[in-house]
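Written out below as structure tokens is the structure these notes cover.
The values are calculated or read from the model by the stated rules, or taken from the named source; none is laboratory data. The structure presented is a predicted model; accordingly, all values stated were derived computationally and were not measured. Here Cβ is always computed from backbone atoms with ideal geometry, including for glycine, and neighbour counts include all displayed protein chains.
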Amino acid sequence: MTESRDWYKTAVFYQIWVRSFCDGNGDGIGDLYGVYDRLEYVRSLGVTAIWFNPLYPSPNADYGYDISDYCDIHPDYGDLAQFKKVLDRAHELGMKVIMDLVINHTSDEHKWFQESRKGKDNPYSDYYIWRDKPNNWSSVLEGKAWEYDELRGQYYLHLFARKQPDLNMDNPAVREEVKKVLRFWLDMGVDGFREDVINFISKKEGLPNRIGVIPILDEMKYYKDGPHIHEYMAEFREVCNEYNAVQIGEGPMTTVVSALKYLTGRSKSLDMMFSFDHMTADCLFTEYVHLPFKLARLKKALSKWQYQLEGKAWNTLYLENHDHPRVLSRYGSERHHRESGTMLAAVYLFLKGTPFIYQGQEIGMTNIRLMSIEQYKDVSSKNNYYSYHLKDDEQSRLRRIHLSSRDSSRTPMQWDDSDYAGFSTVPPWFGVNPNYRAINVKKQEAESDSILNFYRACIRLRNSSPALLYGEYREHNSKEPNIYSYSRSLDGEVYLIICSFFMERLPYIVPKQFRGMKARLLLTNYPAKRETGMEFEMPHTGFRVYPYEALVLRIS
């Protein structure tokens, strides 16, 4: 019997950015040998699926998202035989594996682009988007969106870095190439794909000039959810249907209305979509505008997606990934490290949807603060430092990078307190966060109340209850500025989740419908102050919560 594609609804994913996960061959770069050695650890979290960031050959202009060969493994990470070994072992341990599919653009070193440069009579000529005169668009990562190519004598479009030319998805031959890539990995045995900036792959005919003064945002309407997007996505869905493969899209700046067109009805082409709304609780574009974190913005965004997808589609749940600074440094408190790290776990792991944990999130890894922009690796960080806020002094610009750099999520995984954090036996490709001696897996394995073990407890509890998997979501006390509280309920089974985002004790006002009801404490990040398993009557007023406290109560 073919397994239902709906397995993703009860899954917990672990995202692995391989270059910084674990160095298994001693060259300072994370690889598939290191991944293989750590698969039992990943499974021990309660994880049932792995999402790999790009593993393909790449010049690393955007660290893997500039692909030069879709059907091979980057030599830094191993080879296809080692990948198959990892895939088979993950399956043996009961974990699915999905690959990162990056088809909006390739590397400029890909064979297709090198051929396309040669002229209009080349078979690959129309694999990319060429123009004699550029429009006024800006790229997301690096300068203007057009680059002049001397060999071809034309400009090519790159919505991201200069070395990431956009594919011309209007060309049927390009879409056939994508289908070959899908089948290559599906034939090998992978279980699906996370599809990078997938809502950008169809551009408006004529590529009109931006009208408006805000780069990127004012022009995104010309390539986000483009005119043929659902037609092209249907072609790729047809291939994945042959293999019962899961498809998860990344939809920058997507709205609920737009996302539902990918997730429901006749145009359904994705099983889930990553949205960005809740990442604006401080500011999604922290490198341009820094706003202080506001819990109200986080609650509003999370509740919007919970309510509006209810009964229609399935949510993705995440707080960290490879494209954002560490969430504990943004939404939590480095000073209250354990308390805020555990609270942030509870905030999202009990929402309705499929959770994604990014490597190091489960031990509360934090932002790195380097002394010079030259120490950073990310193309986006360097571009932002040299392009924006140039009127600011050097230290002010550097502080902005400390807040915003994607490199903070890409420091080597902190396994133990030995040299190089146990990531490698030699100096790593990128700097280890100096706090690794205090924040590491080995230390937290030995502490029963650690962030790591709290993640495990949350996942066990989530998986034990149909209500926490499938139950209705309802937010409570929405106007409370420092506490996020919501319930999950199904067939009379009710859970109340209470999370404080404040550094001091606060009063929690019990929602009216729960006053006088019996409650049982199932989970707390203050085990020394509250007795897990205790039963009590919910007060008719309220009670006080500790700084960054998380409580999960069963109500009856």
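Counting only helices (runs of 4 or more DSSP H) that fall entirely inside the range 267-364 and contain at least 3 residues that are more than 19 Å from the chain's Cα centre (by Cα) and farther than 30 Å from residue 231 by Cβ, the qualifying elements are 295-309, 337-349.
Okay, residues lined up against (1) at pLDDT below 95; (2) surrounded by 14 or more Cβ atoms within 10 Å (Cβ to Cβ); (3) farther than 17 Å from residue 350 by Cβ:
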| residue | (1), (2), (3) |
| --- | --- |
| 455 | no, yes, no |
| 464 | no, no, no |
| 468 | no, yes, no |
| 501 | no, yes, no |
| 510 | no, yes, yes |
| 517 | no, yes, yes |
| 531 | yes, no, yes |
| 537 | no, no, yes |
| 553 | no, yes, no |
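Among the residues of the range 217-276, those that are closer than 22 Å to residue 13 by Cβ, without any contact (Cβ under 8 Å) to a residue 60 or more places away in the chain, surrounded by 23 or more Cβ atoms within 10 Å (Cβ to Cβ) and of a type in the set (A, V, I, L, M) comprise 233, 259, 273. Among residues of the range 237-266 being part of a loop (DSSP other than H, G, I, E, B) and of a type outside the set (A, V, I, L, M), the one that is nearest to residue 311 (Cα to Cα) is 264. Every test in (1) under 23 Å from the mean Cα position of the chain (by Cα); (2) more than 24 Å from residue 358 (Cα to Cα) is passed by residue 71 save one, and that test is (1). Going through the range 84-110 one residue at a time, which ones are touching a Phe, Trp or Tyr at 6+ places or on another chain (Cβ under 8 Å) and outside any loop (DSSP other than H, G, I, E, B)? 85, 86, 89, 96, 97, 98, 99, 100, 101, 105, listed by residue number.
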